[in-house]
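Single-structure report; data block below.
The values are calculated or read from the model by the stated rules, or taken from the named source; none is laboratory data. The shown structure was predicted, so the numbers you read here are calculated from the model rather than taken from an experiment. Please note: Cβ atoms are built from the backbone with ideal geometry, for glycine as well, and neighbour counts cover all protein chains shown. Heads up: the accessible areas ignore ligands, DNA and RNA and are worked out on the full protein's heavy atoms, side chains in. Shrake-Rupley method; radii C 1.70, N 1.55, O 1.52, S 1.80 Å.
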Amino acid sequence: MALRAAVITFPGSNCDRDMAVAIERVTGTAPLRVWHADAELPERLDFIALPGGFSYGDYLRSGAMAANSPVMRGVKQHAERGVPVLGVCNGFQVLTEAGLLPGALLLSWLLPSAIVFILILGGCYLSYEGAEKVMEKLGGQKHGVTVEDEITDPAAFEKQRVNGAIRTDLILSAEIMAITLNEVAAEDFIVRAGVLAIVGIGVTLVVYGSVALIVKLDDIGLHLREKTSAAAQAFGQFLVTSVPYLLTTLSFIGTIAMLWVGGGIILHSLHELGIHGPSDWAHGLQHTVEAVTGGLSGILGWGTYAALSALTGLALGFVLAILIHKVFKIGITHGDH
């Protein structure tokens with residue numbers, strides 16, 4: 001029996017068609033396309049998907065208005081019967097507003113001590129990713145194809161790069177939400193939910209909005225080059241020419257940022273667990289620099305702690321990379337031996 005899936009569309013959804021195409025390609029059967037105002041869903045469904053986008057323009061809170069659409073009654077009923085429900089990006093926000101995904105808030109309610117260990121895991125991952133990039137730049141063994149290698153399969157290379165970016169963005173987003181949750185753990189449930197919603201909107205608009213713009217810059221440049229205006233053509237050519245350099249610069253900055261954030265999370269989390277030595281040492285050097293630098297004390301003190309955080313992340317990442325690739329042989333292919 002063919003899988004019977006449904007894709008829900010809200011006013012402002014912009015990935016519903018892509019999701020429907022993806023489901024059809026995977027399952028061989030086109031999913032049902034359901035409008036948000038439909039009061040009922042078909043009785044037998046094997047899978048329900050809520051796409052990304054900006055439902056109702058994301059007014060009030062992301063997904064808050066969509067969560068009250070008539071179709072959501074049917075979604076809840078199917079979820080209660082055990083039908084898998086997938087929410088992607090804005091769809092996830094709709095499910096959260098509908099009360100179907102209370103997990104993140106329950107964590108701070110039932111097991112608040114687990115948050116710091118989640119932060120440590122994320123900090124370790126960011127440190128490892130950053131350190132591995134540094135090791136490859138210094139001539140270390142590469143794990144996977146990089147932009148400096150000859151690309152024999154562009155489609156596979158693009159998939160590898162996209163998957164890596166999605167994985168890192170997912171970890172960064174989870175870390176941001178975990179840090180936020182840790183900061184407001186003492187507040188009541190409503191305050192925590194509101195703060196997480198606001199931070200989630202900010203991450204979506206600022207971080208992913210910027211990433212989407214950067215990814216499309218070369219397409220914008222190609223489009224402008226086809227215009228009749230000489231100024232538009234010149235600016236389009238500038239974009240096409242400069243994007244590779246921009247991406248290289250952002251890659252360098254991103255590596256430093258991963259080490260800085262990862263190391264900083266580790267120092268802070270160890271302090272939370274009662275291991276004060278590393279954090280106290282870093283703060284001690286920060287205060288020493290501040291004491292001797294006068295008017296620049298604020299900037300140089302902050303820079304000192306950021307640099308020490310990055311070095312902490314680099315050292316930890318080196319250790320993790322050696323353990324993963326040399327001891328446990330993870331990520332080593334036959335050709336690497």
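Residues checked against (1) closer than 29 Å to residue 114 by Cβ; (2) open to solvent by less than 50 Å² (accessible area, probe 1.4 Å); (3) modelled with pLDDT under 75; (4) more than 20 Å from the chain's Cα centre (by Cα):
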{"position": "160", "(1), (2), (3), (4)": "no, no, yes, no"}
{"position": "202", "(1), (2), (3), (4)": "yes, yes, no, no"}
{"position": "207", "(1), (2), (3), (4)": "yes, no, yes, no"}
{"position": "223", "(1), (2), (3), (4)": "no, no, no, yes"}
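Only one of the numbered conditions (1) open to solvent by 50 Å² or more (accessible area, probe 1.4 Å); (2) without any contact (Cβ under 8 Å) to a residue 24 or more places away in the chain; (3) not in a loop (DSSP other than H, G, I, E, B) is not met by residue 301, and that is (1).
When 254, 209, 264 are screened for being under 23 Å from residue 172 (Cα atoms) and touching a residue at least 24 places away in the same chain (Cβ under 8 Å), only 264 passes. Residues that are over 26 Å from residue 242 (Cα atoms), at pLDDT below 70 and open to solvent by 60 Å² or more (accessible area, probe 1.4 Å) within region 166-190 comprise 186, 189, listed in sequence order.
Residue by residue, here is whether (1) within 28 Å of residue 190 (Cβ to Cβ); (2) charged (D, E, K, R) holds:
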| residue | (1), (2) |
| --- | --- |
| 5 | no, no |
| 17 | no, yes |
| 25 | no, yes |
| 37 | no, no |
| 44 | no, yes |
| 56 | yes, no |
| 73 | yes, yes |
| 77 | yes, no |
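Each residue in region 97-140 was checked for being assigned to a helix (DSSP H, G or I) and modelled with pLDDT of 80 or more, and 23 of them qualify. Of the residues 212, 193, 197, 257, the single one that is among the hydrophobic types (A, V, I, L, M, F, W, C) and either open to solvent by less than 30 Å² (accessible area, probe 1.4 Å) or more than 26 Å from the chain's Cα centre (by Cα) (or both) is 197. Within the set 85, 71, the sole residue that is open to solvent by less than 40 Å² (accessible area, probe 1.4 Å) and either modelled with pLDDT of 85 or more or at negative phi (or both) turns out to be 71.
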